[in-house]
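In what follows, a structure is listed as structure tokens, so that the remarks can point back to it.
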Amino acid sequence: MALKQVSSNKCFEGFQKVFEHDSAELKCKMKFGIYLPPKAETGKCPVLYWLSGLTCTEQNFITKAAFQQAAAEHGLIVVAPDTSPRGCNIEGEDESWDFGTGAGFYVDATEDPWKTNYRMYSYIKDELPKLINANFPTDPERMSIFGHSMGGHGALILALKNPGKYKSVSAFAPICNPIQCQWGKKALGGYLGPDASKWEAYDATQLVKSYSGARLDILIDQGKDDQFLSAGQLLPDNFIAACTERKVPVVFRLQQGYDHSYYFIASFINDHIKHHAKYLNA
């Protein structure tokens with residue numbers, strides 16, 4: 001699987017790069033950002049996967065989150081993929097910002113016309129890690145995942161559906177209970193069809209209720225002034241309640257005055273890198 005380098009910039013003695021490849025899972029060209037810390041020049045490093053939110057590409061996180069210094073210090077490779085297939089020429093894929101392009105929701109679609117390309121769940125779970133491990137100095141046994149908003153949802157469901165695969169998980173303002181919010185109902189209904197019982201397989205609050213795998217230490221930061229929190233799109237309380245009931249450890253921090261933006265993410269990104277480094281470098 002050939003990788004084409006799109007860009008490379010030296011950053012905190014490592015390199016922030018972007019690559020493009022042909023995805024077998026998504027049947028289109030895909031880009032991802034990858035930060036290679038200085039340690040990657042001499043040894044194998046653990047990998048931390050970042051999943052972005054609605055409307056994002058691979059660019060948002062690598063240009064706005066200011067994570068590279070912490071990743072360099074802790075010796076972590078950080079991979080930031082795109083949020084959906086691109087250029088598939090599916091009718092309707094560019095009609096709205098919260099469905100289709102830039103809004104893959106980290107599910108494997110089962111409905112026409114989406115099911116051929118919109119397989120972000122399998123892309124993140126299987127194809128991308130295989131590609132990263134084959135082309136970069138990684139330790140395939142040590143990987144973790146985190147994300148923001150729709151990507152926070154993606155990180156939580158990937159960790160909950162695959163016990164033991166990820167050493168740790170964290171999220172910024174995740175969509176915690178998509179079967180109960182408008183974004184989730186639109187996306188899950190469109191990709192998975194009208195039977196709401198099928199949506200539960202991609203809902204962190206539902207998944208945690210039956211989680212019985214390896215101990216998972218979850219960190220969530222949520223801005224208190226996030227307009228999507230007050231609009232009922234994120235529903236963290238439902239997730240926290242389910243975690244408490246199942247005795248799944250979660251640290252939930254409500255951050256006074258912060259919104260849903262990358263200014264919020266940049267403010268707390270070092271805490272998240274440190275959280276993952278604790279488990280990845282153990």
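The values are calculated or read from the model by the stated rules, or taken from the named source; none is laboratory data. The model shown is predicted, which means the values in this text are computed figures rather than measured ones. For neighbour counting, all protein chains shown are included, and Cβ atoms are generated from backbone atoms with ideal geometry for every residue, glycine included. Remember, those area values only see protein heavy atoms, side chains included, never the ligands or the DNA or RNA. Shrake-Rupley method; radii C 1.70, N 1.55, O 1.52, S 1.80 Å.
Just a few scattered comments:
- Reachable aspartates and glutamates, given that their alpha-carbon falls under 17 Å from the alpha-carbon of LYS4 and they are not under 8 places away in the same chain: GLU20, ASP22, GLU58, ASP82, GLU127
- Accessible carbon and sulfur surface of the chain relative to its total accessible area, %, 1.4 Å: 48
- Accessible surface calculations at 1.4 Å, restricted to protein heavy atoms, place the chain at 41 Å² per residue.
- Inter-centroid distance (Cα atoms) of the range 1-80 relative to the range 85-145, Å: 16
- The orientation-averaged shadow of the Cα convex hull for the range 193-244, equal to a quarter of the hull surface, comes to 4.8 nm².
- The trypsin sites (Lys or Arg not before Pro) of the range 141-243 that meet both conditions, a loop assignment by DSSP and at most 13 other Cβ atoms within 10 Å of the site Cβ, are ARG215, LYS224.
- Listed values for the range 149-163 are Karplus-derived 3J(HN,Hα) couplings in whole Hz (6.51 cos²θ - 1.76 cosθ + 1.60, θ = phi - 60°), namely 6, 4, x, x, 4, x, 4, 5, 5, 5, 5, 6, 7, 10, x, and x replaces Gly and Pro.
- When the Cα atoms of the range 50-168 are aligned to their principal axes, the ranges along those axes come out at 45, 29, 26 Å in descending order.
- Here, P(r) means the percent of Cα pairs in each 5 Å bin from 0 to the largest distance; for the range 109-148 it is 6, 18, 22, 20, 15, 11, 6, 2.
- Shown here for the range 8-107: trypsin sites (Lys or Arg not before Pro) in loop regions (DSSP other than H, G, I, E, B) with at most 15 other Cβ atoms within 10 Å, namely LYS27.
- Fluctuation leader among ILE265, ILE132, ILE62 - the chain, Gaussian network, Cα springs under 10 angstrom: ILE132
- Cross-link partners for LYS39 among the aspartates and glutamates, with Cα-Cα distance under 13 Å and sequence neighbours closer than 8 places in the same chain left out: GLU13, GLU73, ASP139.
- Max mean-square fluctuation residue, GNM over the chain, Cα-Cα springs under 10 Å, options GLU200, GLU245, GLU73: GLU245
- Given their separation in residues at 0.36 nm each and the Cα-Cα distance between them, ALA266 and ARG215 gain 15.6 nm when the chain is fully extended.
- Gaussian network model of the chain, Cα within-10 Å springs - most flexible of TYR202, TYR262, TYR191: TYR262
- Accessible surface ranking for GLU111, GLU95, GLU13, 1.4 angstrom probe, highest first: GLU95, GLU13, GLU111.
- The aspartates and glutamates whose alpha-carbon is closer than 16 Å to the alpha-carbon of LYS186, local same-chain residues fewer than 8 away aside, are GLU93, ASP94, GLU95, ASP98, ASP108, GLU111, ASP112, ASP195, GLU200, ASP203.
- The range 199-282: C-alpha gyration tensor shape, a/c 1.5 cut-off, then a/b vs b/c: oblate
- Along its three principal directions, the equivalent ellipsoid of the chain from the Cα gyration tensor extends over semi-axes of 26, 23, 18 Å, largest first.
- Prolate/oblate/rounded call for the range 1-106, Cα gyration tensor, a/c under 1.5 rounded: prolate
- For THR55, the accessible surface of its heavy atoms amounts to roughly 80 Å² (probe 1.4 Å, protein chains only, rounded to the nearest 10).
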